[in-house]
Amino acid sequence: MRNIIHKIFLASLALKTINGIFEIFGGLMFLFFQSHYVARFLLLLVQGEFGEDPEDPFLSQMLYTANHLSVSTRIFLAFYLLAHGIINITLAMALKRKIHIAYPIAIGFFFAFMMYELFRFSIHPSFWLGGLLCLDAIVIYSIIKEYRKVLHLKKSESLLVV
């Protein structure tokens, strides 16, 4: 069981890093490009799926929303995505290096972001946000388990030194 949780932990670090890169890219897009350019880029990304089902309500809504964002919404999205992306990458790298202080910080930040996602879910429930909430709960659980293992090893090492 420990090995499975450790593999989940390592996979979550990789996913958090990849996700962070995409969030930084998305944040920069919202910051420096007008809404219609963002919508065109999104259309380019989902072109194959959209071509299969041009009536897809999710894709249609996503493209419509991206095309009609207010300036304040774009700025909010830009800074939220940039902050979340930078935090994800920084914490994932620190956890990978087993920097002890990173574990409680990561748990706190990921829990805070999860609470924000839960708030958003309570206002606008969606399958994707629900899935993200479940994934984040698994990530936090795996970090807690990994942190306990690291603390146990540190305690064992200190007993051996004495």
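Laboratory data are not the source of any read-out in this text; all were calculated from the coordinates shown. Owing to the predicted nature of the structure, the values given are computational and were not obtained by experimental measurement. Because the Cβ atoms are built from the backbone with ideal geometry, glycine has one as well, and the counts that use them run over all protein chains shown.
Looking at the stretch 119-130, is at least one residue part of a helix (DSSP H, G or I), free of Cβ contacts under 8 Å to residues at least 12 places away in the same chain and under 21 Å from Ile4 (Cα atoms)?
The answer is no; no qualifying residue exists.
Only one of Ala112, Ala83, Ala137, Ala94 is among the aliphatic types (A, V, I, L, M) and in contact with a helix residue (DSSP H, G or I) (Cβ under 6 Å, 6 or more places away or on another chain); which?
Ala94
Here is a yes/no grid of residues against (1) out of contact with any strand residue (DSSP E or B) (no Cβ under 9 Å at 6 or more places or on another chain); (2) at negative phi; (3) hydrophobic (A, V, I, L, M, F, W, C); (4) exposed (fewer than 15 other Cβ atoms within 10 Å of the Cβ):
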{"position": "Ile21", "(1), (2), (3), (4)": "yes, yes, yes, yes"}
{"position": "Val38", "(1), (2), (3), (4)": "yes, yes, yes, no"}
{"position": "Asp56", "(1), (2), (3), (4)": "yes, yes, no, yes"}
{"position": "Tyr64", "(1), (2), (3), (4)": "yes, yes, no, yes"}
{"position": "His68", "(1), (2), (3), (4)": "yes, yes, no, yes"}
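Suppose we filter Leu10, Leu45, Leu15 for residues that are surrounded by fewer than 13 Cβ atoms within 10 Å (Cβ to Cβ) and either under 16 Å from the mean Cα position of the chain (by Cα) or farther than 16 Å from Phe76 by Cβ (or both); which single one remains?
One residue alone meets the criteria, Leu45.
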